[in-house]
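Single-structure report; data block below.
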Amino acid sequence: MLPVTWDMLLVFLLNFSLHLPSAMDGNVTCSWRQRHDCQPLPLMICSDAEAARAHAEAAAAARADGSAATTAVVLDDANKAAVAPWVEVQLQQRLRHLVVVSNARVLELHVGETVIHTHEGTVVAAGLFLHDAECDVVAGQTLKLKFFARKTKQIIDLLSVCLVVDTAALVDDSRGDGAASTVEARLQRLELLLHMSMESVVLRLRDVEARLRALELQAGEGRR
């Protein structure tokens, strides 16, 4: 049997965590977070742009057949902050790429208060736009995404928000130093990724449980 090294374990766990949806609870702020009947933000941390595109395209396909849950932001006078819905992400790793599927035609990327990019999406399905953009935002900065529609819409839907982060720092080339501090730092970064991913899993399970309870209540009323 081949010996299992720290790097082998880190790579395995990193790949596992990168393919789980991540709500990054505590590191993400949404303009509509406190509104009722909104799904958790469909945020995914991906290892590369191809994985992000594949996830986004799958979300668009699922929406086409009616099997996808989305984060719906209702635009109304009572919720003036939602006129241009926004998401803020406190980045833990360097951001390299961004892939978003939404019915918002225009996506603005901000770092702090500065607009760094305005992206007009390409149509991927009826009423849905794909925003596929390279970017370079260092860890520790705040990324803000603003969503705009060309025409007035009642609802802004977010099907998928995929962030491609720089994972090189998690599995570095320091195999031979044997320093406990290096291993500890790498494990702490890995623990953060796993924590963010599991928080999202819990949110999704709660949402499924709520939907099941609602269906059970409807079925019970139908039998009366």
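The values are calculated or read from the model by the stated rules, or taken from the named source; none is laboratory data. This one's a predicted model, so the numbers in the text were calculated from it and none came from an experiment. For neighbour counting, all protein chains shown are included, and Cβ atoms are generated from backbone atoms with ideal geometry for every residue, glycine included.
If I ask for residues that are modelled with pLDDT of 75 or more, closer than 21 Å to ASP166 by Cβ and either touching a strand residue (DSSP E or B) at 6+ places or on another chain (Cβ under 6 Å) or not hydrophobic (A, V, I, L, M, F, W, C) (or both), which ones from the stretch 20-53 would you list?
ASN27, VAL28, LEU43, MET44, ILE45, CYS46, SER47, ASP48, ALA49, GLU50, ALA52, ARG53, listed by residue number.
Please pick out the residue among ALA68, ALA81 that is surrounded by fewer than 20 Cβ atoms within 10 Å (Cβ to Cβ), within 16 Å of THR29 (Cα to Cα) and at pLDDT below 65.
The match here is ALA81.
For the stretch 92-156, list the strands (runs of 3 or more DSSP E) that sit wholly inside it and hold at least 2 residues that are surrounded by 17 or more Cβ atoms within 10 Å (Cβ to Cβ); which are they?
Output list reads 95-102, 106-111, 128-137, 142-148.
Filter the stretch 148-185 down to residues that are more than 19 Å from GLN90 (Cβ to Cβ) and at pLDDT 70 or above, then give me how many there are.
Number satisfying all stated conditions: 7.
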